[in-house]
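First up is the structure itself, then whatever we jot down about it.
Values in this text are rule-based calculations from the coordinates and carry no lab data. These numbers were taken from a predicted model, which means no experiment stands behind them. Positions of Cβ are generated from backbone atoms using ideal geometry, with glycine treated the same way; all protein chains shown enter the neighbour counts.
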Amino acid sequence: MIQRQNTKSLLAASLKELAQSKPADKITVKEITQNCGMTSPTFYNYFHDKYELMAWIYNEKVEEAMENLGDTISFEDVVYKWIETALEDKEFYINLLKNAVGQNAFRYTTNDHAIRLVSDWIKKRHNMPELPHEIQFYLRFYMRALSETVNDWFLDKCPYSIRELSKLLVESMPNKLKPLLLVNFTI
């Protein structure tokens with residue numbers, strides 16, 4: 001049975017289809033909308049630009065991976081799922097990493113989103129209205145390093161399996177973050 005997709009999902013599917021044969025930075029909003037039978041104004045009702053759509057595609061999956069952090073999965077498992085998500089559509093994400101650069105680059109907008117998710121999770125989990133500035137620094141530093149290491153791995157610059165990479169990334173976490181992110185399950 002054909003499942004009806006929402007507008008965001010249709011736009012995402014259109015972009016992914018176009019990215020099979022064209023660098024992401026060369027795809028226009030007009031092409032995205034024409035490819036799925038929509039108009040540009042419809043696109044702009046949901047996204048500021050094509051880069052926001054690119055980030056939304058990945059961020060939806062990142063949010064799913066964070067849902068059970070600390071309850072049934074570890075931070076290492078979350079990192080593993082983030083990497084696995086990109087591998088599910090490897091050519092698309094390689095296209096974005098190589099061609100969606102600049103001010104609204106895919107790699108920065110998705111990383112900023114992950115930083116916000118992890119920050120919000122820490123605040124909620126540890127009943128903190130705000131993160132201390134020092135923790136904010138360590139979190140941003142760590143998440144940027146994690147993201148760039150995963151990007152390098154993804155572009156075939158690291159020889160590790162996903163599990164090995166996830167483990168190394170967690171082991172390299174700054175000590176001040178470990179008590180906040182490496183929590184016991186609440187089951």
Relative to the first principal axis of the alpha-carbon coordinates of the chain, what is the inclination of helix 106-125, with its axis defined by its Cα atoms, in degrees from 0 to 90 and to the nearest 10?
40
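Determine the equivalent ellipsoid of the chain by diagonalising the alpha-carbon gyration tensor, then write out the semi-axes as square roots of 5 times the eigenvalues, largest first, rounded to whole Å. It would help to have the intermediate numbers written out before the result.
Working: eigenvalues 195, 67, 50 Å².
Sorted largest first and rounded, they come to 31, 18, 16 Å.
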Suppose the chain between Glu63 and Asn127 were pulled fully straight at 0.36 nm per residue; how much longer would it get relative to their current alpha carbon spacing?
21.0 nm
For region 97-154, which GluC sites (Glu not before Pro) are in a loop by DSSP, counting at most 12 other Cβ atoms within 10 Å?
Glu130
Distance-filtered residues of region 90-131 - backbone nitrogen under 18 Å, label point 7 angstrom along Leu155 Cα→Cβ
90-112
Report, ordered by chain and residue number, the lysines lying within cross-link reach of Lys16, taken as a straight Cα distance under 23 Å and ignoring same-chain residues fewer than 8 apart.
Lys8, Lys26, Lys30, Lys50, Lys61, Lys81, Lys90, Lys98
Please turn the phi angles of region 135-142 into ³J(HN,Hα) values with the Karplus equation 6.51 cos²θ - 1.76 cosθ + 1.60 (θ = phi - 60°), one per residue in order, whole Hz, x for glycine and proline.
5, 4, 4, 4, 5, 5, 4, 5
Assign unit charges at the C-beta atoms only (+1 for Lys and Arg, -1 for Asp and Glu), then state the dipole size of the chain relative to its Cα centre in Debye, rounded to the nearest 20.
240
Sequence neighbours fewer than 8 away in the same chain don't count; with that in mind, list the aspartates and glutamates whose C-alpha is under 15 Å from Lys123.
Glu67, Glu134
Taking the highest mean first, how do the peptides 45-58, 168-181 order by number of other beta carbon atoms within 10 angstrom per residue?
45-58, 168-181
Tell me the mean residue ellipticity at 222 nm calculated for the chain from its helices only (DSSP H runs of n ≥ 4, each -39500 (n - 2.57), averaged over every residue, nearest 500).
-20500 deg cm²/dmol
Percent relative contact order for region 48-181, counting Cα pairs under 8 Å at least six residues apart, stands at 30
Rounded to whole Hz, the Karplus (6.51, -1.76, 1.60) HN-Hα couplings of region 143-156, x for glycine and proline
5, 5, 5, 4, 4, 5, 5, 5, 4, 4, 4, 5, 8, 6
